[in-house]
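**Student:** Dumping the structure here so I can ask a few things about it.
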Amino acid sequence: MTIDISDIPALARGCAVLGTGGGGDVRTGSLAAIRAIQTYGPVPLIELADLPADALVVPLSGIGAPTVSHEMIHGEDEPKRIAEEIERIFGRPPAAVMSSEIGGANGVAPVAWAAQLGLPLLDADGMGRAFPEVQMVSMYVAGLPADLVIMSDIVGNIVTIRPIDGLWSERLARAVCVAAGSHALMADYVLTAAQARGAVIEGTVTRALAVGRATEGTAEPLRALAERLGAARLITGKLTDVERRTTGGFVRGTATIEGTGDDRGRTLTLELQNENLVALENGRPRAMVPDLITVVDTETAAAVQTEGLRYGQRVTVLAWPCDPLWRTPKGLETAGPRAFGYDLEYVPIEELVKGELRG
Amino acid sequence: MAEGALRIGIDVGGTNTDAVVLDAADRVVAKAKRPTTPDVTEGLQAALDAVLADVTAWERITRVMLGTTHATNAILERRNLGRVAVLRLGAPATTAVPPLSDWPDDLRKAVSAGEVIVPGGHYVDGREIGPLDLGAIRRFLDGVRADAVAVTGVFSPASADHERAVEELVRDEYGLPVSVSHEIGSLGLLERENAAVLNAALYGVAAQVTEALVAALAERGLGARPYLAQNDGTLMTVAHAARLPVSTIGSGPANSLRGAAFLSGVRDAIVADVGGTSTDLGVLVGGFPRESAAAVEIGGVLTNFRMPDILAIALGGGTVVRSGGTGVRVGPDSVGYRIAEEALVFGGATSTVTDAAVAGGRVPANAADWRERLEAAARAARAGEAAKPAGTAPYGAGDMSETFSDTLQSALAVADAMVIDAVDRMALGRADRPLVAVGGGAFLLPAEIPGVSGVIRPEHAEVANAVGAAIALASGRVDTISPAGESRAKAIERVKEEAAARAVAAGADPARVEIVDLLEVPLSYLSEPAVRVHVKAAGPLSR
């Protein structure tokens, strides 16, 4: 299968849904992907099984401040420099590009990067959703050593970091990013196909495409989306309050949704950071990170980002299970509720919403 | 202003062109409504002549303020657009998404004389991405045939010197008008660039509007100074409009909001402008329109233009009412300007929201006989009904029987629910502000609406948009990035001064310019703490 220009709108919509409110705006990435396909042709989408064991997979992502990424857009040569650096280090060129984060902007832009490199895109990513920190990836959870980060900035600087662990990787990558003007392209965990097995989340590009297509040409986009995701509908209602506060470098917030129609009388509160992290009703959790929680427009089923939440919006909150990798002890330690500062014991969505999951 | 000075406000809307004359005490002394014509100018002249007929002392008219759709129409119809050489300063950054990537093909073909990304532009912290390559710019311009140039530098709202240098070069060496993005839009490269290119494409249209207005005034022997209304509800001189024609797009909603504030005397309110086809809801904050946070699309092109936050619902006086198997339906279609022939109250055969309102006892001032006319229309329709197969008209059984009045009653309930829902969406949880009802269809609205403290129906509400044009201030705005550390206060003072200077450039009286809006947003991931600052200054027109 290949990804062509006509696939990009659906992929973008799907990535926005998997972004659980974060992951950045998909529009610039979509334009870059369309442009790259026009120039270099459609991008083959391959599975891990298609690659020889020693083939190199490059997980790529943009890193930086959203305000900057909307102004100082990526240059076309950044992926090429990273690929050349990989070839210099490993003695062979990369065989495939992978999205580090399927949710949001970093889910769509890798199509552009793969097209620019003339490489296939691997049908997999490192999160299955969006997360805010560099070490919150499946490769880290799977125990692969975080010992190589390659960054390329817009003017052509290449920085190769050999960190001793994931936390240093995050710290140093962030410092380089700031020096580079708060925006860079990053390859984190260059891995062989053999290493990738069990350390990446497979099928997520196909899934994003299917999720994006679910709402096309249907009279009931919300139902179609919930069924495609296998999601529970936590509430349908009206946003009655959005409160934001900045603490410890993170924007934290709470959104309150009051039920309408069949849900009249119910109130759901969402705890937000960059992403939607915990959904509470009457003080009891109904869904929590790393399970996925997305707010969608009730009418169109289009995903609403956390910064786009406004009083009066008619929304539905959907929640569905994360990849099993995130439910392992290391997965929960990395990206469970406590990793985000919530004093909650993780309970899977299946138990919290017994019998309500669709699909 | 001279003793006894008069001024004229004109607003070109989708259906009607409205004009008013205000005296020195801001009283409405004449008003008129004329149909908007396809060429816009004819309708404008008709409305102007209509109000002039009610004024004797033409020599006392000192100013004419015009809010018009010329520029919008030019873009929508791809007509009279100039060819633009599109220059972006930022290479090697931004090459992944070249200029005009998201434009509809036909608009791009009509506008672009060529596009290029050359070295230049700045980082978020003000450092140069690279030195400006003037040689590359000359090579590009030597190879294109353009009517104007649009220049967009990365982070130019914070660091404008590269754009200014290019402007100078183009003017001196090529003699072409230049649209510089930092004067036009805020942060967000692609959207600002789109607005700058549209602006450059509209120079010809701006000249036509100015000429048409100046000629119309001269033909009538008026010595009045002309101004154009812009999208934020403020005015600019025609000289300023010639530089920033894209700002005239979308002045209608802003004018009606400002007019509503003025006529009602309320500075914080929700405003509903009820027309023939739709109702536009907006919010007044301190007398100015609340601005939209979302990007605004013009002719299929996304811009980061500051526009009033408007919620339009498909409900107006001409909105069609139908009854069928599934109950009563209201709209979304409308008989539009044909309401004067087609609505039941006007002897027509189509049930409209106007008819529903009249049946519910809501009539405009001086229209007490509408209820009787509705009943007469219903009787006539019933008489004709026997001779003709049922179901030909949207509402078939035309009598004032129970079914008939039930249908209109249900339709009014549906219409009210639409308004209540829209008001709730705009109210952002505050219930302490009134709703000001303006526009020709203001009488359709119920007397009480949940979520607002009351419904105000000011006099002259039907021409609020033209009043808004006539009373508008001149303004200037700056959207940039400033350090958040010790130098913050000084930096913000400088931004305020720049905004005030821009207001004066647009025509404001330097002695009476005030800062009317100041917004600071902290930025993340930067080496030095910084804030994004947005400042707007406004003041009355200088004498």
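**Student:** Identify the trypsin sites (Lys or Arg not before Pro) of segment B:1-108 meeting these criteria: DSSP loop state and at most 13 other C-beta atoms within 10 Å of the C-beta.
**Tutor:** Numbers: sites: B:7, B:27, B:31, B:33, B:60, B:63, B:78, B:79, B:83, B:88, B:108; in loops: B:27, B:78, B:79, B:83.
Loop-located and lightly packed - B:27, B:79.
**Student:** Convex hull over the Cα atoms of segment A:2-204, averaged projected area in nm²? Mind showing how you got there, number by number?
**Tutor:** Numbers: hull surface 38.5 nm².
Result: a mean projected hull area of 9.6 nm².
**Student:** Within segment B:447-543, which GluC sites (Glu not before Pro) sit in a loop by DSSP and count at most 10 neighbouring Cβ atoms inside 10 Å?
**Tutor:** Values: sites: B:448, B:459, B:462, B:486, B:493, B:497, B:498, B:514, B:520; in loops: B:448, B:459, B:486.
Here the GluC sites (Glu not before Pro) that fit, given the DSSP loop and packing criteria, are B:459, B:486.
**Student:** Something else now. Kindly provide the Kirkwood hydrodynamic radius of segment A:220-352 in Å, to one decimal, from all pairs of distinct alpha carbon atoms. It would help to have the intermediate numbers written out before the result.
**Tutor:** Values: mean 1/r = 0.0670 Å⁻¹.
The answer is 14.9 Å.
**Student:** Mind listing the phi-derived Karplus ³J(HN,Hα) values for segment B:432-439, rounded to whole Hz, using 6.51, -1.76 and 1.60 with θ = phi - 60°, and x for any glycine or proline?
**Tutor:** 8, 9, x, 9, 9, 9, 10, x
**Student:** Taking every eigenvalue of the Cα gyration tensor of segment B:50-89, multiplying by 5 and rooting it, what semi-axes result, largest first, whole Å? Kindly include the intermediate steps, with their values, before the conclusion.
**Tutor:** Values: eigenvalues 288, 41, 11 Å².
The answer is 38, 14, 7 Å, longest axis first.
**Student:** Going out from 0 in 20 Å bins, what whole percent of all Cα-Cα distances in chain A drops into each bin?
**Tutor:** 32, 59, 10, 0
**Student:** Filter the GluC sites (Glu not before Pro) in segment B:1-82 to those in DSSP coil with at most 14 other Cβ atoms within 10 Å of their Cβ, and list the result. Mind dumping the intermediate values first?
**Tutor:** Details: sites: B:3, B:42, B:59, B:77; in loops: B:3, B:77.
Those satisfying the criteria are B:3, B:77.
**Student:** Specify which residue in the list B:492, B:57, B:212 is farthest towards the positive end of the charge dipole of chain B, using unit charges on the beta carbon of Lys, Arg (+1) and Asp, Glu (-1), about the Cα centre.
**Tutor:** B:57
**Student:** Let me ask you something else. So what is the diffusion coefficient of segment A:100-209 in µm² per second by Stokes-Einstein at 25 °C and 0.890 mPa s, using a Kirkwood Rh over Cα pairs? Mind dumping the intermediate values first?
**Tutor:** Details: Rh = 14.5 Å.
Answer, rounded: 170 µm²/s.
**Student:** Over all directions, how big on average is the projection of the convex hull of the alpha-carbon atoms in segment B:82-201, in square nanometres? Could you put the intermediate results ahead of the total?
**Tutor:** Values: hull surface 25.2 nm².
About 6.3 nm², averaged over all directions.
**Student:** In square nanometres and to one decimal, what's the mean projected area of the convex hull around the Cα atoms of segment A:254-318? It would help to have the intermediate numbers written out before the result.
**Tutor:** On the way: hull surface 17.3 nm².
Projected over every direction and averaged, the Cα hull of segment A:254-318 covers 4.3 nm².
**Student:** I want to check the label-to-label distance for residue B:420 and residue A:87. Put each point 7 Å from Cα in the C-beta direction and report it in nm to one decimal.
**Tutor:** The answer from the label model is 6.8 nm.
**Student:** Report the normalised scattering of the protein assembly as shown as log10 I(q)/I(0) at q = 0.04, 0.06, 0.09 Å⁻¹, calculated by the Debye formula with identical scatterers on the alpha carbons.
**Tutor:** So the normalised log intensities are -0.21, -0.46, -1.02.
**Student:** Using a Debye calculation, one point per C-alpha and no hydration shell, please list log10 I(q)/I(0) for segment B:287-370 at q = 0.18, 0.21, 0.24 Å⁻¹ in order.
**Tutor:** Relative scattering, expressed as log10 I(q)/I(0), comes to -0.82, -0.92, -1.06.
**Student:** With the Cα gyration tensor of segment B:214-373 in hand, convert its eigenvalues to equivalent ellipsoid semi-axes via √(5λ) and list them largest first in whole Å. Numbers along the way, then the final one.
**Tutor:** Numbers: eigenvalues 236, 87, 56 Å².
The equivalent ellipsoid of segment B:214-373 has semi-axes of 34, 21, 17 Å.
**Student:** For segment B:239-300, what percent of Cα pairs sit more than 19 Å apart?
**Tutor:** Details: 776 of 1891 pairs.
Percent of Cα pairs beyond 19 Å in segment B:239-300: 41.
**Student:** From the helices alone, meaning DSSP H stretches of at least four residues, give me the mean residue ellipticity at 222 nm for the protein assembly as shown, per-run term -39500 (n - 2.57), in deg cm²/dmol to the nearest 500.
**Tutor:** Numbers: 27 runs with 286 residues, N = 902.
Helices in the protein assembly as shown give a 222 nm mean residue ellipticity of -9500 deg cm²/dmol.
**Student:** Same structure again: Within chain B, which DSSP H helices have Cα atoms that stretch 30 Å or more along the helix axis and a mean Kyte-Doolittle hydropathy of at least -0.5? If you can, show how the numbers build up before the last one.
**Tutor:** Details: long enough: B:402-427 (36 Å, 0.52).
Correct list, ordered by number: B:402-427.
**Student:** Beyond 20 Å, what share of the Cα-Cα pairs of segment A:65-137 is found? Please give it as a whole percent. Don't jump to the answer; show the numbers that get you there.
**Tutor:** Working: 974 of 2628 pairs.
Summing the P(r) of segment A:65-137 above 20 Å gives 37 percent of all pairs.
**Student:** Within 10 Å of each Cβ in B:87-94, how many Cβ atoms from other chains are there, averaged over the peptide? Write down the numbers at each step before the final one.
**Tutor:** Working: counts 0, 1, 0, 5, 4, 9, 12, 8.
Whole-number average of other-chain Cβ neighbours for B:87-94 is 5.
**Student:** May I ask you to evaluate 6.51 cos²θ - 1.76 cosθ + 1.60, the Karplus curve with θ = phi - 60°, for each residue of segment B:61-75 and list the ³J(HN,Hα) values in order in whole Hz, giving x for glycine and proline?
**Tutor:** For segment B:61-75, the Karplus-derived couplings read 6, 9, 9, 10, 10, 10, x, 9, 9, 3, 5, 4, 4, 4, 6 Hz, x marking Gly and Pro.
**Student:** Taking every Cα atom in segment B:166-262, find the radius of gyration and the maximum pairwise distance Dmax, and write them in Å.
**Tutor:** Cα radius of gyration and Dmax of segment B:166-262 are 15.3, 48 Å respectively.
**Student:** Considering only C-alpha atoms, what is the centroid distance from segment B:246-285 to segment A:186-201, in Å?
**Tutor:** So the two Cα centres are separated by 56 Å.
**Student:** Now a separate question. Tell me, what does the Kirkwood hydrodynamic radius of chain B come to in angstroms if you use every pair of distinct C-alpha atoms? Intermediate results must be reported in sequence, preceding the final value.
**Tutor:** Numbers: mean 1/r = 0.0400 Å⁻¹.
25.0 Å is the Kirkwood radius here.
**Student:** Let me ask something additional. Taking just the alpha carbons, could you work out the radius of gyration and Dmax for segment B:442-543, both in angstroms?
**Tutor:** Rg and Dmax of segment B:442-543, Cα atoms, are 19.4, 57 Å.
**Student:** Taking the Cα centroid of segment A:6-34 and of segment B:183-206, what is the distance between the two, rounded to the nearest whole Å?
**Tutor:** Using only Cα atoms, the two centres lie 26 Å from each other.
Any read-out appearing in this document is the output of simple, stated calculations on the displayed coordinates, not a laboratory observation. Predicted model only: the values in this text are computed from it and were never measured. Note that each Cβ is placed from the backbone with ideal geometry, even for glycine, and that neighbours are counted across all protein chains shown.
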